[in-house]
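K.L.:
Attaching a single structure in structure tokens format; questions to follow.
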Amino acid sequence: MTQTTQRRPTSVQDLQDLVGVELGPTEWHVVDQAAIDGFADLTGDHQWIHVDPERAKDSPFGSTIAHGLYSLSRTPAFLEELMAFDGFAHSLNYGYDKVRFIHPLPVDSRIRLRASLTSVEETSPGAVKVVTMLTVEAEGIDKPILIAESIGRFTV
């Protein structure tokens with residue numbers, strides 16, 4: 001079992017002190033077919049490689065795979081395992097840069113997140129932009145599933 005201490009920054013200085021510090025990993029999370037099907041229903045992306053286990057057996061992957069965007073969509077909740085921002089008046093997901101889906105994610109994989117703040121920039125008095133490097137990894141797979149830079153805005 002992974003033991004991760006959740007960070008609780010409450011100031012711009014606290015965030016700046018975390019630049020370059022590896023956060024995580026999170027606990028492992030199973031990606032089962034029900035989760036993949038639910039994401040397909042939510043997004044309307046019912047491509048067979050995601051939702052047809054019988055057909056996917058004959059694919060190069062040997063099983064269904066999760067949508068790339070499924071992995072990305074899980075990162076905000078995973079990041080909450082690593083950091084709590086309740087010390088800030090407001091937080092906002094501003095977007096993502098450099099999103100790359102490095103490796104397919106087979107059904108029934110266990111995934112987790114590692115993160116590292118790469119920059120903290122005060123954009124105006126009491127407001128800060130935080131860039132965080134995200135790496136989603138799967139147990140037994142030697143490459144990341146996903147890498148991305150998350151951009152958040154926080155008000156002190």
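K.L.:
State whether one or more residues within segment 56-73 are closer than 15 Å to Ile36 by Cα, of a type in the set (Gly, Ala, Ser), out of contact with any helix residue (DSSP H, G or I) (no Cβ under 7 Å at 6 or more places or on another chain) and surrounded by 15 or more Cβ atoms within 10 Å (Cβ to Cβ).
P.N.:
Yes, segment 56-73 has at least one match.
K.L.:
Please work out which residue is modelled with the lowest pLDDT, limiting yourself to segment 123-139 and to residues that are over 18 Å from the mean Cα position of the chain (by Cα) and part of a loop (DSSP other than H, G, I, E, B).
P.N.:
Ranking the qualifying residues of segment 123-139, first place goes to Gly126.
K.L.:
Given (1) more than 19 Å from the chain's Cα centre (by Cα); (2) assigned to a loop (DSSP other than H, G, I, E, B), identify the lone condition not met by Gln13.
P.N.:
With respect to (1) more than 19 Å from the chain's Cα centre (by Cα); (2) assigned to a loop (DSSP other than H, G, I, E, B), Gln13 is out only on (2).
K.L.:
Another question about this same structure. Take segment 1-38 and flag every residue that is under 16 Å from Val156 (Cβ atoms), at pLDDT 90 or above and hydrophobic (A, V, I, L, M, F, W, C).
P.N.:
Leu15, Leu18
K.L.:
Let me ask something else about it. Of all residues being out of contact with any Ser or Thr (no Cβ under 8 Å at 6 or more places or on another chain) and surrounded by fewer than 11 Cβ atoms within 10 Å (Cβ to Cβ) in segment 7-40, which is nearest to Thr75 (Cα to Cα)? Just the residue, please. Quick ask: steps written out before the conclusion?
P.N.:
Narrowing segment 7-40 to residues out of contact with any Ser or Thr (no Cβ under 8 Å at 6 or more places or on another chain): 7-18, 29, 32, 34-35, 37-38, 40.
Filter once more, so that each one left must be surrounded by fewer than 11 Cβ atoms within 10 Å (Cβ to Cβ): 13, 34.
Working: Gln13: 24, Ala34: 19 Å.
Restricting to residues being out of contact with any Ser or Thr (no Cβ under 8 Å at 6 or more places or on another chain) and surrounded by fewer than 11 Cβ atoms within 10 Å (Cβ to Cβ), the top hit is Ala34.
K.L.:
I would also like to ask the following. Arg112: closer than 30 Å to Asp41 by Cβ and either more than 11 Å from the chain's Cα centre (by Cα) or in a loop (DSSP other than H, G, I, E, B) (or both), yes or no?
P.N.:
no
K.L.:
Select the helices (runs of 4 or more DSSP H) contained entirely in segment 17-105, then report the ones holding at least 1 residues which are within 15 Å of Ser150 (Cβ to Cβ) and in contact with a Gly (Cβ under 7 Å, 6 or more places away or on another chain).
P.N.:
On the way: elements: 33-43, 48-51, 53-56, 68-82.
In segment 17-105, 68-82 are the helices (runs of 4 or more DSSP H) which contain 1 or more residues that are within 15 Å of Ser150 (Cβ to Cβ) and in contact with a Gly (Cβ under 7 Å, 6 or more places away or on another chain).
The values are calculated or read from the model by the stated rules, or taken from the named source; none is laboratory data. From a predicted model like this one, the values you see are computed outputs, not experimental measurements. Cβ sites come from the backbone with ideal geometry, for glycine too, and all protein chains shown count toward neighbours.
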